[in-house]
Amino acid sequence: MFESQSSSDLSLNISGWASESFQKSRQLASNFDNLDSLISLGSLSGSKSSSQLQSSAVVSANPNPNPYLTSAAITPDFNGDGKTDKVWVDSTTGEIIIRLMDGTSVVEQGSLGNFDLSAYDYKIADFNSDGKTDFLLRNKTTGENSVVLMDGTKVGTAASLTSVDAAWNPQIGDFNGDRKTDIFWHNATTGENAIWEMDGTTVLNATVLDTTDPALTPTIVDFDGNGKSDIFWRNQTTGDNSAWFMDGTQKTEFALQSQDAAWTYSVGDFNGDLSTDLLWRNAQTGENKVWTMRGILVTEGALGTLDSSWTSKIGDFNGDGKTDIFWHNGTTGANTAWLMDGTTVATEAFLPTNNAALTPSLGDFNGDGKTDIYWRDQTAGTDNIWTINETTAVETLISDADKLGPQWYTF
Ligand SMILES: [Ca+2]
Ligand SMILES: [Ca+2]
Ligand SMILES: [Ca+2]
Ligand SMILES: [Ca+2]
């Protein structure tokens with residue numbers, strides 16, 4: 001079950017015809033939304049100084065000092081130019097396309113083919129550590145998996161891996177710190193866990209880990225900032241939290257403070273020390289707080305309160321390597337950003353209000369180290385990009401030639 005086999009000429013058009021279901025594409029979208037949490041991936045050597053990082057094999061073309069914000073394993077960058085690229089899915093045909101971005105312009109477009117969206121899910125990764133984003137494609141119905149190594153809009157190498165029963169879900173990390181994405185497998189029904197250490201399209205080692213209580217949900221983090229991914233476990237019912245600090249497939253387990261079930265979390269790096277931090281949000285009370293992590297050492301800081309119509313995403317709007325929090329109000333269209341310094345909000349940006357129906361997705365499209373916002377108008381296709389510098393946003397419309405119809409979703 002845990003062996004790999006490769007076939008470099010795998011057709012990506014093998015899947016059946018796509019589901020027309022709008023709901024399914026929305027479901028797919030929510031899966032992809034979890035990509036925001038990939039900022040926690042330990043795909044780069046977090047314990048190194050920035051000068052050491054500069055001398056490492058893969059240096060991002062993006063000037064942001066935090067590799068978690070610029071790694072191609074975390075933010076789509078298919079040509080490795082340090083400018084975030086876009087992935088689009090056609091909810092009617094199942095076609096997945098890639099658009100290479102240069103600021104507010106689309107410079108190149110390529111297609112991966114058509115997929116049955118009711119079955120297929122993908123994760124972005126960088127399996128060969130060339131600084132160009134790759135894909136893990138998973139058929140959740142048949143359990144088939146493939147790795148697609150990308151070179152710009154072209155498929156460099158594609159290979160099928162061993163099938164894994166549909167009850168297992170993959171997440172990506174780098175557990176041995178070689179900067180090549182590994183795959184963490186979790187079976188939410190049985191609580192079984194496994195890691196595949198990867199080298200490109202090859203599974204180097206497949207290791208079964210201890211089984212966990214099925215009530216526990218795993219998130220890939222790097223709490224000690226050593227460049228080797230760790231696993232944060234939360235029981236959302238009891239509020240219990242714990243962590244597995246990983247060295248390859250060896251784990252050391254620690255309990256963390258509980259947070260009652262009203263609290264949910266997302267991840268970031270709010271003090272820029274390359275250790276994953278947690279943003280806790282209480283959707284009932286609107287309270288927010290940050291845990292900055294140093295191993296199992298937690299520093300907690302309370303932030304402002306925002307009601308449940310606000311949702312957050314992580315970016316870095318001033319390019320200082322400390323993740324900031326972008327808040328969008330889905331009811332009023334109001335927007336704000338909290339420029340963070342550890343557990344405190346250093347600056348609050350009062351950004352313009354726009355149409356509440358627009359959907360934001362974050363990336364650094366012009367590669368200046370500061371996160372920008374892509375606004376998708378799902379109805380009219382009148383998308384725009386906010387190019388952000390600290391607390392200032394400049395809005396540019398996507399050209400008519402690059403408009404995509406309402407069947408297209410981006411994440
Ligand atoms: Ca790019
Ligand atoms: Ca790659
Ligand atoms: Ca670690
Ligand atoms: Ca920042």
>> How big is the dipole moment of the stretch 282-411 about its Cα centre under a simple scheme where the beta carbon of each Lys and Arg is +1, that of each Asp and Glu is -1, and everything else is neutral? Debye, nearest 20, please.
In response: 320 debye
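Tally Lys and Arg at +1 and Asp and Glu at -1 over the other residues with C-beta under 13 Å from the C-beta of Trp327: what net charge comes out?
Around Trp327, the surrounding residues sum to -1.
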> Highest mean first, what order results for 400-410, 159-169 on Cβ atoms within 10 Å?
Replying inline: 159-169, 400-410
> In terms of Cα to Cα distance under 20 Å, which aspartates and glutamates are near enough to Lys251, apart from those fewer than 8 places away along the same chain?
Replying inline: Asp174, Asp178, Asp182, Glu192, Glu197, Asp210, Asp213, Asp222, Asp224, Asp230, Asp240, Asp277
> In nanometres, what is the gap between the two model label sites at Thr379 and Thr347, each 7 Å from Cα along Cα-to-Cβ?
Replying inline: 3.4 nm
>> As an exercise, use a Förster radius of 35 Å and the Cβ-Cβ distance of Asp400 and Thr142 to find the FRET efficiency, rounded to the nearest 0.05.
In response: 0.30
> How large is ³J(HN,Hα), in whole Hz, for each residue of the stretch 207-218 in order, when computed from phi with the Karplus curve 6.51 cos²θ - 1.76 cosθ + 1.60 and θ = phi - 60°, using x for Gly and Pro?
Replying inline: 10, 7, 9, 4, 7, 10, 4, x, 6, 8, 10, x
> If amide H atoms are built 1.01 Å from N in the plane of the peptide, which residues on other chains or at least 5 residues away come under 5 Å of the amide H of Ala188?
Replying inline: Asn169
> With Cβ to Cβ distances under 14 Å as the rule, what net charge do the other residues near Gln236 carry (K, R +1; D, E -1)?
Replying inline: -1
>> I'd like the per residue volume of the convex hull spanned by the Cα atoms of the chain, given in cubic angstrom.
In response: 124 Å³
> So what J values fall out for the stretch 393-404 if you push phi through Karplus, 6.51 cos²θ - 1.76 cosθ + 1.60 with θ = phi - 60°, rounded to Hz, Gly and Pro as x?
Replying inline: 10, 10, 8, 10, 6, 5, 5, 4, 5, 9, 4, 10
> What pairs in Lys86/Lys140; Lys140/Lys403; Lys289/Lys403 have C-alpha atoms more than 29 Å from each other?
Replying inline: Lys140/Lys403; Lys289/Lys403
> In terms of modelled amide H atoms, which long-range or inter-chain residues lie less than 5 Å from the amide H of Thr347?
Replying inline: Leu339
> Quick one: Karplus J couplings for the stretch 221-229, per residue in order, coefficients 6.51, -1.76, 1.60, θ = phi - 60°, nearest Hz, x for Gly and Pro?
Replying inline: 9, 9, 5, 9, x, 9, x, 10, 4
> What value, in deg cm²/dmol to 500, does the helix sum -39500 (n - 2.57) over DSSP H runs of n ≥ 4 give at 222 nm once divided by the residues of the chain?
Replying inline: -1500 deg cm²/dmol
>> Sorting check: for 262-273, 296-307, which peptide has the highest mean count of neighbouring beta carbons within 10 Å, and how do the rest follow?
In response: 262-273, 296-307
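Here, each number is a calculation from the coordinates, and none is a lab measurement. Every value quoted in this text rests on a predicted model; they were computed, and no experiment measured them. As a convention, Cβ positions derive from the backbone with ideal geometry for all residues, glycine included, and neighbour counts pool all protein chains shown.
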